[in-house]
Structures are given as C-alpha cells and as structure tokens.
Amino acid sequence: MFQSKSRGVVPTNRIGQTVQQSAKKGALGVPQLILIGVGGIIGAGFFLGAGLPIRTAGPAVLIAFLLGAIVTAQVAGALTSLAVYQPVKGSFMVYTQEYIGNFAGFLEGWGYYISSILVIASEAVAMSVFTKMWLPSIPAWMTTSIFALIILLINAFGTKNFSYIESLMSVIKIAALVGFIFLLGLEWFGAIGDKSLAFSHGAFSSPFFSKGVSGLFQSMLIVIFAYAGIGVFGTAASEIRNPAHLELAAWSTILVLTVLYIVSIMLLMFVVPLRYISTNMSPFVIALAHTGIPFLATIFNGIILIASFSVMAGSVFSANQILYGLGEMNDSPKFVTRTGKNNVPYGALLVTAVAIALTIVISYLLPANVYNFLISASSFLTLLTWFLILWAFLSWYRKTRHDHVFISTLAFGQPVITVIIMLVLLFLTGYALLQRDQRFGFYAFLVIMVLMSVTYLFVRRKHRHSVG
C-alpha cells in the first residue's frame, strides 16, 4: 500500500547509497519513529506556553491548532514523500539542495541547525528554572550544564539507545496529557475539584471569537511553533528500517499530536474561565490546582522536565543529522562526518556540544530581552525551513509526477494545497511584523540570514579553489 511506484528506477542519495541499502541500515521501527516524532514536538513550550495563544484568541484557539495541524501535515507529507523516494542523512537539507539549489540547501541546513541549538539551549535554561522547586540552592548555570551534558551522552550511545530513551520519555508525556484529559473530564462533570467551575463558567462562556479574527491570526504565530519539532521526524526518517512504512508513522504522529493538543486545550477551556488563564503560569497547572489534589503540581513539574529532556534529545539528534549532511556536501568541515563503531557522528556531536555550551554561556551573559530576541529568531528560521521543504517538494513533484512515484496522502491536493500553505507561511511571517516583540525577533533573524549568506559565499569560494 505504501510502496514507491517508480518505474523500476532505484533512486540514489547524495552519499551514493540506494534506498534499499539505506533502509537495511536503519535502526528504527515505526513505533519508535512515531514516539520520536511526538517526543520532538510536545515540549515544555506547549505545557508552559499554551496560555498565551488561549489568551490571544479565546476559544477560537481550537481553530488555530487545527490549522496548525493541517500545515504540519503538508510539511510531514512532503518529507514522507521525499524520504520514501530518497532516504538519506541530512533529510530535507539534501532535498532542498538537489531540487532548488546549493544556496537554498545551505540556508536550509544551517538555518535548521542554528534554530535547533537555540531551542536546546533555551530548554536547558528553562529546566534549571523548573528544578528550583526541588533544589533551590544549586546555581542555575550548573543544572543547565548538567542537563545539556546528559542529553549529549544520550545521543552518544547511538540511534538504537537514543530511540529507546526518547520513546520512554514520549510515552510519559503522552500518558501525562491523557491523564490530564481524564482528570479534567472528571472535574468538568463535578466529580472532583471546584464544582463552581462548571461548563457555563469556563472559557467557552466567552464569545468564540472573543478576540476577533485578528486574535486568531496572532495566535497562529504561536500555535504553529507548537508543531515546529516535526523536523526531527524528517531527520529520523533516514534511520527507519523500512522507508515504505514512513506513511504510517507520519499519519500516526500527526493524528496523535492533533488529538492530544485539541482535546486537552478544549477540556482546559471547559473548566477554567478565560480570565483565570495567565501567560505567566502553565494553564495546565492552573486547571490542576482546582482538582483539590495538592501533589499534582509537583508531579506536573517533573513531567515538564521530562518534556524538555525529550525535546532536547530529539533536537540534538536531528541537529547532528543535518550537520553530518552539511559535511557530506562540503558546507561544513569534513570533521563533522567522522563516525564511531555504533555509527554515531562523533564529529558532529562534538561541534554540537561546543555550540550548545557557547549558547548557554551567552544566555547568562546577554540581557534577557536580547536573548529572547534570539530565541524568537528561531521561530522565523522554522518558517523558513518549512517553506523550503514545501518548495523542494513541489520541484520534485513537478519532475517526477509522470513516473508514478509515491506521494503521501498527507500531502493532499497537489500542487494547489501546497502552494496555499506556502502563501500562509508568508502571510504569517508578514503578520508577525505587526507585533512589536515578533518584529525584534525578525530583525535578529535577518542578522542570522546575512551571516549565513556571507558564510556561504566564503565556503563556496574556498570549495571552488580546492577543486580547481
């Protein structure tokens, strides 16, 4: 059902491996890939930051999460189609270079890598804040460094061990959200907690578009990044044992995410009035505070820590895959392509470790608002990554559509829907410029883009001289 239908052609990747050879080397099965995908997306940002889009859009935030799922499905469908045809380390960066051009591939790869490093560092810093609940006397920089070191060690043990640990953490996060849904269901029916918080007094008692259509668009800027970790699914796809099973893994990942996000947010708004939802505290913690079970806040604090661990582990894994691909294409030092006996790219892992350490140091040296602008810039890098993935997919689709190649059903309505999604991404980028905080993040993004462009000119000139 999910087999590629190319006419007897055996596609090869840039490293020279056939699809069949690459598939045999894979260490991941479908369940592990699903859990890695879910684990790389559901992070502390959702558990802690869900209050901001709810406050911004009101109950209409459910539409924002649904639209976010549709956009993510198109990106995942594009990645799945390309990965089934051509599974390769470097994933979407390789596809972008082959089907758009060298410069686009360079921006895709380094943009994703820089974004991943910023996410890893920010999650590590956030984890040190959560740990203060239990260990208030330990300096934040020390716990941040310890967490980052643990994540690097997890990735150093190879794909198989990484997948086991990431799968375990993903199961815990999914179980936490399911448990949260169950508890809020009991609270809604008045079985536990404050019975004054009934259906008629929750956020749904406010008008559905309580903040207007502009509130919906503004929340989309935030919600779209609740799905941003889908890139880890694309980079892990080259490690799957059978690339033909990617379709099942992609569908399962998107469905699990969408159901967990929408149902948990919906129940939260059933029981918590809109005025109670704060941008300074997790709305899940606020909801649990009304259950009358005091130790739930401590448990949830631990779950948020696990969520951060999981996102960090997935981000390091995908960053290493991308950096390895950059090395294969001579867009980074060849040192990053060195691997050990367990096929771990130790060169890339070492560079990533240094980059994380520098970013953590910067996070404690720079003023908080400047560092936040850098983190905001990573959101624009995500939009760039998604736009280029869809562009590469369209270019590939145009060249291969008459060869009856496999197209993921997630990438439905080709090519019209993909073009529409690309326009949506451009619209969201433009709309972000109307928001003051997002605008400063965009300026930081432009600085990063200029630096990457100058570096590209230097790297290409050096490469031409070495070839000549």
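Every read-out reported here was derived from the displayed coordinates using simple, explicitly stated rules and does not represent laboratory data. Just so we're clear, the structure is a prediction, and the values are computed from it rather than from any experiment. Here Cβ is always computed from backbone atoms with ideal geometry, including for glycine, and neighbour counts include all displayed protein chains.
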Scalar couplings 3J(HN,Hα) for the stretch 218-226 by Karplus 6.51 cos²θ - 1.76 cosθ + 1.60 (θ = phi - 60°), nearest whole Hz, x for Gly and Pro, are 5, 5, 4, 4, 8, 5, 4, 7, 5
From the backbone phi of the stretch 333-349, what are the Karplus-calculated ³J(HN,Hα) couplings (6.51 cos²θ - 1.76 cosθ + 1.60, θ = phi - 60°) in whole Hz, Gly and Pro given as x? x, 4, 3, 5, 8, 5, 10, x, 5, 8, 6, 7, x, 5, x, 5, 5
Efficiency of FRET between residue 168 and residue 461 - r from beta-carbon atoms, R0 60 angstrom, step 0.05: 0.80
Whole-Hz couplings from phi, Karplus 6.51/-1.76/1.60, listed for the stretch 263-269; x for Gly and Pro: 5, 5, 5, 5, 5, 4, 6
